[in-house]
Amino acid sequence: MERPDPSDDKATWRRWVRQLPPPAGAADVRRHLEAFLGTDPGLVGAYEVLPGEVDLAELVAGFAEVALPRHDGDAVTFHVADGALVDPAELDVLLVPGRAFDRRGIRLGRGGGHYDRFLPRLRAGVPVVGVTVDERVVPRLPAEPHDVPMTHLATESGVRA
């Protein structure tokens with residue numbers, strides 16, 4: 001399937017992404033994120049990898065404080081290892097998976113809007129890093145008023161604002 005046009009709907013874009021090969025270059029993505037985040041990034045909101053996402057398990061295992069998402073209906077919440085709920089304002093950085101991103105930081109997710117509802121609850125200035133591979137960064141995705149852009153994108157080429 002040829003890459004869709006920016007005027008195509010998100011469902012068309014999701015069909016396109018599903019036919020792409022699994023992301024390659026995860027080691028390079030992790031290396032760039034490690035350099036960007038440093039040795040003590042504070043409380044990191046991460047994710048458990050799903051098909052088509054970059055696996056960050058090796059990177060996240062080295063952080064002292066990690067919170068992982070749980071989906072409950074229309075909401076996403078983050079919890080530390082003992083299961084305690086994390087106030088979004090406590091996160092120091094959030095690593096966000098996506099099926100694709102555009103150069104403006106717009107994310108194509110799985111269609112539930114969970115992250116779009118969660119992101120406004122972060123404190124101002126917290127880096128929100130979309131994690132993907134270069135092949136899944138496109139010039140422009142369809143955007144809706146509720147879409148919240150990432151502050152940074154991390155790929156095998158590096159981390160950029």
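The values are calculated or read from the model by the stated rules, or taken from the named source; none is laboratory data. These numbers were taken from a predicted model, which means no experiment stands behind them. Cβ atoms come from the backbone with ideal geometry, glycine included; neighbour counts cover every protein chain shown. In case anyone asks, the SASA skips ligands and DNA or RNA and just uses the protein heavy atoms, side chains included. Shrake-Rupley method; radii C 1.70, N 1.55, O 1.52, S 1.80 Å.
Its residue count N fixes a reference of 2.2 N^0.38 Å for segment 39-107, and the Cα radius of gyration divided by that reference is 1.14. Dividing the helix sum by the residues of the chain, where each DSSP H run of 4 or more adds -39500 (n - 2.57), gives a mean residue ellipticity at 222 nm of -5000 deg cm²/dmol. Taking every Cα-Cα distance in the chain and sorting them into 10 Å bins from zero, the calculated P(r) comes out as 10, 42, 37, 10, 1 percent.
Translational diffusion coefficient of segment 88-161 (Stokes-Einstein, Kirkwood radius from Cα pairs, 10 °C, 1.306 mPa s): 129 µm²/s. Evaluating 6.51 cos²θ - 1.76 cosθ + 1.60 at θ = phi - 60° for every residue in segment 41-50, the Karplus couplings come out as x, x, 7, 9, x, 10, 8, 8, 5, 10 Hz, glycine and proline recorded as x. Averaging the sequence gap over all C-alpha pairs within less than 8 Å and six or more residues apart, then dividing by the number of residues, gives segment 50-161 a relative contact order of 25 percent.
With contacts taken as Cα pairs under 8 Å at a separation of at least 6 residues, segment 1-122 carries a relative contact order of 23 percent. Our summary of shape: the Cα atoms of segment 69-128 have principal axis extents of 35, 27, 18 Å, ordered from largest down, in whole angstrom. What a 1.4 Å probe finds exposed on segment 1-151 is 51% carbon and sulfur by accessible area, rounded to a whole percent.
Amide H contacts of ALA100 (H built 1.01 Å from N, in plane; Pro and chain starts excluded): LEU108 sit under 5 Å, all sequence-distant by 5 or more or on other chains.
Across segment 38-96, Cα pairs under 8 Å and at least six residues apart give a relative contact order of 41 percent. Amide H contacts under 5 Å for VAL66: VAL44, ALA81, restricted to partners 5 or more places along the chain or on a different chain, H placed in the peptide plane at 1.01 Å from N. Can you classify segment 1-64 as rounded, prolate or oblate using the Cα gyration tensor, where a ≥ b ≥ c are the square roots of its eigenvalues, rounded means a/c under 1.5, and otherwise it's prolate if a/b beats b/c and oblate if not? Prolate, since a/c reaches 1.5 and a/b exceeds b/c.
Principal-axis analysis of the Cα atoms of the chain puts helix 26-37 at an angle of about 50° to the longest axis. Backbone geometry of segment 60-68 corresponds, through the Karplus equation with coefficients 6.51, -1.76 and 1.60 at θ = phi - 60°, to 3J(HN,Hα) couplings of 5, 4, x, 8, 6, 10, 9, 10, 10 Hz, x marking Gly and Pro.
When the chain is described by a simple charge dipole with +1 on each Lys and Arg Cβ and -1 on each Asp and Glu Cβ, the residue from LEU122, PRO97, LEU141 located farthest towards its positive end is LEU141. 3J(HN,Hα) along segment 130-143, derived from phi through the Karplus expression 6.51 cos²θ - 1.76 cosθ + 1.60 where θ = phi - 60°, amounts to x, 10, 7, 10, 3, 4, 9, 9, 10, x, 7, 10, x, 10 Hz, with x in place of Gly and Pro.
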